[in-house]
Amino acid sequence: SPATQDRLMNDFDRALQEALENAAALLERRFRPIGKVVQVQGDDLAIFGGSDHGFKTGDQLIAIRGSFVDQGGRKVPGIMKAVAAVRCDSVSDQNAQCVVVLKGPAGEMPAAGDYVLLADESMKLIAK
């Protein structure tokens with residue numbers, strides 16, 4: 001029935017969101033700091049992720065967006081792609097204020113719900 005299909009789709013969406021958040025947590029623990037874009041206004045971004053998560057003022061970040069594709073009536077993860085380069089201008093314990101310094105090749109901009117990863121140049125400074 002349509003109601004059952006809706007419930008199943010909602011369950012799938014929740015499970016997928018949980019899987020993405022678990023993957024983000026794994027990346028944070030194993031590889032590099034990761035944050036989540038919570039608001040965008042023009043070129044300015046508010047990020048959930050601050051000094052407690054490994055970010056500091058001046059860090060260069062890469063905004064990442066995951067796409068989803070329809071496969072037999074279900075949404076499944078598709079391609080994850082970088083959409084912009086951003087710089088942290090102000091960092092508190094849990095949050096950061098950042099600005100877009102380079103849009104994606106097709107003019108992409110970060111959106112609420114995207115993730116941000118510490119860029120290689122900032123990672124090199126941590127390794128030293």
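No lab work stands behind these numbers, since they all come straight from the coordinates. Note that the structure is predicted; figures quoted are calculated from it, not measured. For neighbour counting, all protein chains shown are included, and Cβ atoms are generated from backbone atoms with ideal geometry for every residue, glycine included.
At a temperature of 37 °C and a viscosity of 0.692 mPa s, determine how fast region 38-99 diffuses translationally according to Stokes-Einstein, using the Kirkwood radius over alpha-carbon pairs as Rh; express D in µm²/s, rounded to the nearest whole number. Display every interim value, and only then the final one.
Values: Rh = 12.9 Å.
Result for D is 255 µm²/s.
Val91: net charge of surrounding residues, Cβ under 12 Å, Lys/Arg +1, Asp/Glu -1, itself excluded? Walk me through the numbers before you get to the answer.
Numbers: positive: Lys56, Arg87; negative: Asp52, Asp59, Asp89, Asp93.
Charge balance in the 12 Å sphere: -2.
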Output row, site Leu20, 7 Å Cα→C-beta label point, backbone N cut-off 16 Å, window region 48-85, residues 48, 63-71, 74-84
Once both label points are put 7 Å beyond Cα along the C-beta direction, the Gln71-Ala3 separation in nm becomes 3.1
Once phi is turned into θ = phi - 60°, what whole-Hz ³J(HN,Hα) does the Karplus curve with 6.51, -1.76 and 1.60 give for every residue of region 101-110, x standing for Gly and Pro? 10, 7, 6, x, x, 9, x, 4, 10, x
Taking all pairs of distinct Cα atoms, average 1/r, flip it, and tell me the Kirkwood hydrodynamic radius of region 68-120 in Å to one decimal place. 13.2
Could you go through region 80-88 in sequence order and give the Karplus-derived ³J(HN,Hα) for each residue, using 6.51 cos²θ - 1.76 cosθ + 1.60 with θ = phi - 60°, rounded to whole Hz, and x for Gly and Pro? 9, 9, 6, 10, 5, 9, 10, 10, 7
Under a crude label model (7 Å from the Cα following the beta-carbon direction), how far is Asn10 from Met109 in nanometres? 3.3
